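The values are calculated or read from the model by the stated rules, or taken from the named source; none is laboratory data. Note that the coordinates shown come from a computational prediction; the quantities given were computed from them, not determined experimentally. Remember, those area values only see protein heavy atoms, side chains included, never the ligands or the DNA or RNA. Shrake-Rupley method; radii C 1.70, N 1.55, O 1.52, S 1.80 Å.
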Amino acid sequence: EINSQKEELEKNYANTTLLSEIGLQITSSLDFESIFKKLHANVNKLMDAEVFGVRIFHEEDNLIEYKYEIESGERHPVQFIPYTDDDNYSVWCIKNMKEIILNDNKKEYRKYVNEIKVVAGEMPNSLIFYPMIIGKDVVGVITVQSFKFNAYGSYELDILKTLASYTGIALANA
C-alpha cells in the first residue's frame with residue numbers, strides 16, 4: 001500500500017511539473033497554432049484525450065469557432081456553430097460559465113442539452129468541457145473526449161481547468 005501511494009505521489013508530481021512546463025511554453029508564445037500543437041502533444045501524457053479541442057467564442061458574431069480540433073490524430077476542418085444552438089455542449093458551457101463532465105454521454109446528456117449533436121467525427125462516451133475565462137469574459141472552451149466510458153474524474157477535471165486557464169491567457173496574448 002505504501003508503494004502504491006508512493007507511485008501515485010510520484011505520478012502527481014510528474015504531472016504537476018509537466019503542467020507547469022506546458023503553462024510556461026504556451027503563455028510565452030504568440031502563435032496560437034504552435035500553442036495548440038504543444039497542448040495536443042502534452043495533453044495525452046496527462047489523460048485520455050482521443051478528441052481534443054480548443055473552441056473560440058466570437059461574441060460579436062454570435063459564433064463558436066471549432067478552429068483547433070483533433071480526433072484520433074486527425075485534424076478536423078474549421079467549423080462555426082451558432083451561439084443560439086442550445087443543444088451544443090460548447091454553447092452550454094459558455095452561457096453557464098461552468099464545466100461539463102460526462103462519463104456516459106448517452107445516459108447523462110440531458111443534464112445539459114435536449115439531444116446529442118456530434119459536429120464532426122465519432123460520438124464520444126466520456127467528455128469534459130471547460131470554459132476559458134479571462135477576467136469576467138468567456139473567450140472559448142477547451143475539451144477532452146474519450147470513446148471509453150468513465151474516463152474522467154475530478155483529477156482530469158483539475159488538469160483541464162489548469163489548461164483552460166493557461167490556454168485562455170495564451171489566446172488573449174496571441
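Below are the figures for this structure:
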read-out	value
Nonlocal amide H pairs with I133, under 5 Å, H built at 1.01 Å	V139
From the C-alpha gyration tensor of the stretch 33-92, square roots of 5λ in Å	23, 12, 10
Average accessible area per residue (Å²) across the chain - probe 1.4 Å, nucleic acids and ligands excluded	53
Tally of Lys pairs whose C-alpha atoms are under 17 Å apart, taken over the stretch 1-143, 8 or more apart or cross-chain	10
Cα Rg, Dmax (largest Cα-Cα span) when computed across the chain, Å	15.9, 55
Phi-based couplings in Hz for the stretch 101-114 (Karplus 6.51, -1.76, 1.60; Gly and Pro marked x)	9, 10, 10, 8, 3, 5, 8, 10, 4, 5, 5, 10, 9, 7
